[in-house]
1. With Kirkwood's inverse mean 1/r over C-alpha pairs for Rh, give me the Rg to Rh ratio of segment 183-223, two decimals please.
2. Near G258, within a Cβ-to-Cβ distance under 12 Å, what is the net charge of the other residues, with Lys and Arg +1 and Asp and Glu -1?
3. Which value, in Å², gives the accessible area per residue of segment 31-72 when a 1.4 Å probe is used on the protein heavy atoms?
4. Cα extents of segment 1-50 along the three principal axes, largest first, in whole Å?
5. Given a cut-off of 15 Å, what percent of all Cα-Cα pairs of segment 118-219 lie beyond it?
6. Mind giving me the nanometre distance, one decimal, between the label points for R230 and L65, set 7 Å out from Cα along Cα→Cβ?
7. Taking a cut-off of 29 Å between Cα atoms, list the lysines near K24, but don't count ones fewer than 8 places away on the same chain.
8. P(r) tail for the chain, what percent of Cα pairs lie past 27 Å?
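The values are calculated or read from the model by the stated rules, or taken from the named source; none is laboratory data. Keep in mind that this is a model prediction, so the values were computed, not measured. Note that we place each Cβ from the backbone using ideal geometry, even for glycine, and neighbour counts take in every protein chain shown. Just so you know, the surface numbers come from the protein's heavy atoms only, side chains and all, with ligands and any DNA or RNA stripped out. Shrake-Rupley method; radii C 1.70, N 1.55, O 1.52, S 1.80 Å.
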Amino acid sequence: MEKLVKAILESYEKHPEICSIAAKNRLNKELIIEILEEIRCVVFPGFFEMKQLNREAVSYHVGELLEDIDYKLKKQVAKALYHREKGEELSEEEVREEAEKIVTSFLGRIPALREILATDVQAAYEGDPAAFNTDEVIFSYPGVFAITVNRIAHELHKMGVPLIPRMMTEYAHNLTGIDIHPGAVIGSYFFIDHGTGVVVGETTEIGNHVKIYQGVTLGALSTRGGQSLRHTKRHPTLEDNVTVYSGASILGGETVIGEGATIGSNAFITSSVPGGTRVSIKNPELQFKGRVRMAELGQEGFWKGNE
């Protein structure tokens, strides 16, 4: 056992980049998720609280939530700011003041967040004939959960907060299978139907009234350049009223899907598509073995295939 402990400690010395021992500014993942869930309670009041809300007490309830979010988020943002490039050069006072400004600005964005999330909920309800009502959409749709988390994280990302936005979106990714980078710019009335396997890269730009289905990738053509590609447009742009069906891959920073275009299932797109275009792949040839009714194939009688 002593030899094993010694070997592990030597490994710690060899690879300090994957150690966080005695780190003063280590973020608390569980607390960040707790903050995120409290923000969701403010955005969608009455849906996720354990207790029944009434109009007489709602102002007290919201005020209490905001105070708790404010207190906890400032501490986590302050820790996160030390992880920026040259972050350690800042004094504790400078970090504290910047964290306070960021969190105050973020909380002030909640009414605007509610405005755009209301459009996402409406898009999900109107875009899915299986939806019973908007309550069902808010309670149970993974796409609505993922875009809610992403819009919250995106606000913090725009304010220059490191780590926390990605921790939030990866929480949603883990629960839903929908991976949206907080840097992606997404317009109103955005709907992800079903959702599992959707990937939206950091520099993706999505217009208004866009609908995408499960298994869609909005990705980069290549990431072999690694960190040298940072701050470059690597992911596609989808203009207004675009629909992308399941399994499609749209790749590249110069790729623009024009307004009103429809991308069919399993299409592989690496160049721009004009507005109003319908893109689909040729249907694969189907082979039937055994005795099959021709009526099932759109013809009359019977067909005897290869036995």
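1. Details: Rg = 10.3 Å, Rh = 10.7 Å.
Result for segment 183-223 is an Rg/Rh of 0.96.
2. Details: positive: R278; negative: E239, D240, E259.
Here the charged neighbours net out to -2.
3. Values: 2520 Å² over 42 residues.
Result: 60 Å² per residue.
4. The Cα atoms of segment 1-50 stretch 56, 22, 14 Å along their principal axes.
5. 57 percent
6. Here the answer is 3.5 nm between the modelled labels.
7. K6, K14, K72, K74, K75, K79, K86, K101, K158
8. Values: 25579 of 46971 pairs.
Result for the distance tail: 54 percent.
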